[in-house]
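Below is one structure, written out as structure tokens, with a few remarks after it.
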Amino acid sequence: MIVTRFAPSPTGYLHVGGARTALFNWLLARQAGGKFLLRIEDTDTKRNTATAADQVLRDLQWLGIDWDEGPDIGGPNGPYKQSERRDIYDTYIAQLIDEGKAYYCFDTPEELAEMRVAAEKEKRNNIYPRPAVFPDAAAVEKARAKGRPVTVRLAITQTEPIVIEDEVRGTISIDPAELSDFIIQKSDGFPTYHMAVVIDDELMGVTHVIRGQEHLMNTPNHQLLQKALGFRIPTYAHMSVTVSEGGGKLSKRERPKTLKKAIKAMQDVDIDALANAGGITSDELDSFLNGKTSPDMPAVDAMAALLGVHLPEINIVDFFRSGYLPETLVNFFALLGWNPGDGREIMDREELIQAFDLSRVTKSNSLFDRQKLMSFNTEHLKTTMTPLDTLVRHFRAYLEVNDSPVAKADDTLLERIIRINEGARTLEQIEQKTRFAFLPDEAIEYDEKAVKKVLLKGDGLAMLAAVGEALATLTKLTPEGIETLLRGLAEEKQVGLGKVAQPLRVAICGNTISPPIFDAVDMLGMETTLKRIQITLEKFRQDN
RNA sequence: GGCCCCAUCGUCUAGAGGCCUAGGACACCGGGUUUUCAACCCGGCGACAGGGGUUCGAGUCCCCUUGGGGCUACCA
């Protein structure tokens with residue numbers, strides 16, 4: 001049976017790269033009818049945050065990537081948090097030392113740094129000088145007594161090339177002379193990543209390891225470890241990296257960077273109000289703008305929201321908050337470095353699972369193209385692609401996380417809103433086009449350009465008044481009734497429908513962007529529509 | 001610097017030596033449809049990084065150059 005896993009280190013939110021790695025592993029397991037496990041790699045006590053692991057789990061759940069064994073649900077080979085598996089690692093480390101395959105070291109960080117610098121100066125690889133005789137228990141005691149750090153390294157004794165059979169890259173051969181004895185146990189007693197990952201993958205029965213290219217050069221070390229411990233070597237697949245439009249890696253630093261640029265480009269920014277919105281002090285904001293520090297993510301998000309600056313989405317939650325569907329992301333990430341080979345692009349989860357094939361994973365790096373993502377979202381937002389009740393569920397979650405007034409709508413109304421906005425690109429767009437119907441009349445903001453063009457130029461206001469009078473004669477409001485009425489009015493006045501509809505649109509929602517006008521009026525209701533026409537008439541007649 | 005990986009339109013990619021006059025999608029440009037924004041329909045622009053081989057024949061195989069990426073931690 002095929003067993004894959006996703007093993008994030010809980011240092012923050014799940015980001016694009018992590019999600020893509022998780023997805024490929026999940027896809028392979030699901031398509032093969034195997035198992036997909038989740039394991040938390042929290043051996044770095046300094047970098048891990050308490051809430052990050054939970055957040056990563058939530059992000060995966062939102063994407064619809066489910067797991068068969070994991071820290072929250074357990075499983076036969078738990079625990080699934082590396083910090084809770086210390087005794088297991090200790091046993092194997094002791095075994096390697098007993099067998100003379102690993103040895104203690106007492107170097108200080110400063111000494112190691114010196115070695116590194118020296119190696120670089122001499123333009124050679126930094127290879128750790130293995131002692132002729134390995135330190136014994138007494139030596140360890142002595143070192144500890146002197147306050148020196150105690151670590152354990154694997155002794156690399158192999159001389160034949162290490163061969164990696166990679167499912168996407170083919171056969172790769174590495175000369176072990178290039179490799180240095182590496183640390184398998186840190187001075188704080190925790191295993192290093194290499195040690196923990198090898199033991200866990202063996203014990204948890206992982207058969208296929210799909211991970212980023214950044215791990216390719218770790219693989220020789222892992223295979224050496226597997227050999228030393230008598231473990232099987234799982235099938236490896238190293239996938240390409242997805243880079244940002246800016247060039248480098250898709251980095252979370254892009255968000256503060258974009259915000260900083262935007263603030264600096266603005267003329268009159270109220271620094272105090274901005275700092276306040278972000279929950280930071282003016283001094284902290286100042287330090288940020290001078291490139292010294294960077295506020296945390298919630299602060300960056302809040303300030304961007306205040307200024308109306310759109311930040312590039314990096315973390316999965318960013319995409320959620322921007323109005324993307326999880327179906328879109330799953331589809332899009334799958335196609336970043338893989339394709340079904342038959343030209344299909346827009347696919348749902350089932351189709352992806354059925355078509356997935358490790359042998360069709362691409363070798364070269366790819367660029368994250370947000371425009372194409374947007375286009376994918378447009379497709380998945382159509383009811384022919386995603387069931388309406390699913391869209392409603394996602395839409396409600398979106399509205400709630402963004403505190404939208406549209407959240408007041410019940411599911412039936414939400415369904416209708418989604419239907420009449422067929423063709424929208426994001427949930428955010430639907431929300432913006434619909435919120436006029438959920439705002440109090442006095443909260444409608446009139447777009448200056450729209451007012452000028454539609455109401456003030458020509459006889460827009462007169463037309464609006466006529467529309468108001470005509471609408472008032474209707475006894476019952478239906479989209480069809482409104483359509484008949486407005487079309488009749490346009491014909492009577494010998495003008496196109498636009499001349500009638502546009503002033504009405506501006507009157508009820510303040511700008512020229514709205515759902516189809518008949519639905520828009522119907523949603524608003526007779527009373528509010530007439531009231532807003534009245535308010536608009538009064539407001540702009542006075543101005544003239 | 002050392003080691004490793006990669007290289008087709010602006011972007012994601014199809015391409016397993018003759019099906020290639022290099023196909024699709026996004027973007028872009030032009031047109032159509034239209035009550036707005038979208039969506040939708042039609043058309044157009046646009047690539048085998050360069051140089052050597054191998055072969056009757058190379059985008060496809062080999063070598064070199066160039067370019068991009070990764071690793072080079074008591075991070076994962």
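The values are calculated or read from the model by the stated rules, or taken from the named source; none is laboratory data. Every value quoted in this text rests on a predicted model; they were computed, and no experiment measured them. Because the Cβ atoms are built from the backbone with ideal geometry, glycine has one as well, and the counts that use them run over all protein chains shown.
Observations, loosely collected:
- For segment A:194-206, filtering for residues that are in contact with a helix residue (DSSP H, G or I) (Cβ under 9 Å, 6 or more places away or on another chain) and surrounded by fewer than 21 Cβ atoms within 10 Å (Cβ to Cβ) leaves 3.
- Residues that are of a type in the set (S, T, N, Q) and not in a strand (DSSP E or B), drawn from segment A:193-241: A:207, A:213, A:218, A:219, A:221, A:223, A:226, A:240
- Scan segment A:417-450 for residues that are farther than 18 Å from residue A:510 by Cβ, within 26 Å of the chain's Cα centre (by Cα) and within 12 Å of RNA strand B (Cβ to nearest atom) and the total you get is 5.
- With a requirement of 1 or more residues that are more than 10 Å from RNA strand B (Cβ to nearest atom), the strands (runs of 3 or more DSSP E) lying completely within segment A:79-192 that satisfy it span A:102-105, A:151-154, A:162-166.
- Members of segment A:333-352 that are over 12 Å from the mean Cα position of the chain (by Cα) and of a type outside the set (D, E, K, R): A:334, A:335, A:336, A:337, A:338, A:339, A:340, A:341, A:343, A:346, A:347, A:352
Residues are listed down the side, and each one gets a yes or a no for (1) over 21 Å from residue A:444 (Cβ atoms); (2) within 15 Å of RNA strand B (Cβ to nearest atom):
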position	(1), (2)
A:467	no, yes
A:474	yes, no
A:481	yes, yes
A:499	yes, yes
A:512	no, yes
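- Residues in segment A:353-378 that are more than 19 Å from the chain's Cα centre (by Cα) and in a helix (DSSP H, G or I): A:353, A:354, A:355, A:358, A:359, A:360.
- Restricting segment A:207-221 to residues that are of a type in the set (S, T, N, Q) and modelled with pLDDT of 95 or more, the residue that is nearest to RNA strand B (Cβ to nearest atom) is A:218.
- Pairs meeting the criteria (first residue in segment A:173-192 and at pLDDT 95 or above, second residue among the hydrophobic types (A, V, I, L, M, F, W, C) and within 6 Å of RNA strand B (Cβ to nearest atom), beta carbons under 8 Å, at least 6 apart or on different chains) are A:192/A:183.
- Among residues of segment A:517-535 that are modelled with pLDDT of 90 or more, those with a beta-carbon under 8 Å from a residue that is charged (D, E, K, R) and within 14 Å of RNA strand B (Cβ to nearest atom) at least six positions away or on a different chain give the pairs A:517/A:505; A:518/A:480; A:518/A:483; A:520/A:505.
- Index of the failed condition, residue A:272 passing every other in (1) within 16 Å of RNA strand B (Cβ to nearest atom); (2) surrounded by fewer than 17 Cβ atoms within 10 Å (Cβ to Cβ): (1)
- Looking across segment A:452-505, just one residue is in a helix (DSSP H, G or I), of a type in the set (S, T, N, Q) and surrounded by fewer than 17 Cβ atoms within 10 Å (Cβ to Cβ), and that is A:484.
- If you filter segment A:323-337 down to residues that are at pLDDT 95 or above and touching a Ser or Thr at 6+ places or on another chain (Cβ under 8 Å), you find that the one that is farthest from residue A:168 (Cα to Cα) is A:323.
- Exactly one residue among A:58, A:85 is under 35 Å from the mean Cα position of the chain (by Cα), free of Cβ contacts under 8 Å to residues at least 12 places away in the same chain and surrounded by 13 or more Cβ atoms within 10 Å (Cβ to Cβ), and that residue is A:58.
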